[in-house]
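First up is the structure itself, then whatever we jot down about it.
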Amino acid sequence: MKNLCKILSGALAMTVFAVVSAWAVCPVCTVAVGAGLEGARLLGVDDVITGIWAGGLTLSLFFWTAGWLKKRGVTNPLWQIVVPFVGYYALLGALYFMPGVLTFGANTLWGMDRFLLGVVVGTIAFWLGARWYVKIKRDNGGHARFAFQKVVVPLSFLMIATAVFAAIIYL
């Protein structure tokens, strides 16, 4: 099972790095969120915090795929938005069916599964960060105010959500 996970992770990494360009959420941001997610899991961080980063990564992959499809001429909203969104979140939900990874409802906070709660919070935080970046860019004449602002703003929203839930859990 571990070898299968390594092979799938390697294939995903090769796919991510094989993409030439992206217009929605940049590849650097996606890789940074993915690194934060894997680092949290390796360090034994609570499932809420890990879920926050998983939600951010999943939404980032969705934005990235939607931008890629739009660039390739896919204009049907079903194929451009619904299919990637449902597909990526279904893959994230598949974690509950992998033996030994997650058990739904075994670990709850406020009556909700911790990982699922984190995914919801992370998705919302990343979406708010991405939308805020678009607003800042629009208000600045279509230009970012500083280099890598497209990366910094969504990641800072994820870090703030992480800090809030870390304070709730660990204090």
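Distance between the 7 Å Cα→Cβ label points at Arg138 and Asn107: 3.9 nm.
The 3J(HN,Hα) values that the Karplus relation (6.51, -1.76, 1.60; θ = phi - 60°) gives for region 52-62 are, in residue order, 4, 6, 5, x, x, 5, 5, 5, 4, 5, 4 Hz. Gly and Pro appear as x. A 1.4 Å probe run over region 68-165, with the rest of the protein chains in place, finds 63 Å² accessible per residue. Distance between the modelled labels on Ala90 and Arg145, one decimal in nanometres: 4.1 nm (7 Å Cα→Cβ projection).
Quick check on region 88-171: take the gyration tensor over C-alpha atoms, sort the square-rooted eigenvalues as a ≥ b ≥ c, and tell me if it's rounded (a/c under 1.5), prolate or oblate. Prolate, since a/c reaches 1.5 and a/b exceeds b/c. Note on Ile169 and Lys71: their simple-model spin labels are 3.4 nm apart, each label 7 Å out from Cα toward Cβ.
Taking the Cα centre of region 87-156 as reference, the dipole from Cβ charges on Lys and Arg (+1) and Asp and Glu (-1) amounts to some 400 debye. Ranking Leu158, Leu116, Leu78, Leu43 by solvent-accessible area of protein heavy atoms (1.4 Å probe, all protein chains present), from largest to smallest, gives Leu43, Leu78, Leu116, Leu158. Loop-located trypsin sites (Lys or Arg not before Pro) in region 59-127 (DSSP state other than H, G, I, E, B) with a sparse environment of at most 13 neighbouring Cβ atoms within 10 Å: Arg72.
The values are calculated or read from the model by the stated rules, or taken from the named source; none is laboratory data. Just so it is clear, the structure is predicted and the values come from calculations on it, not from any experiment. Backbone-built Cβ (ideal geometry, glycine too); neighbour counts: all protein chains shown. Remember, those area values only see protein heavy atoms, side chains included, never the ligands or the DNA or RNA. Shrake-Rupley method; radii C 1.70, N 1.55, O 1.52, S 1.80 Å.
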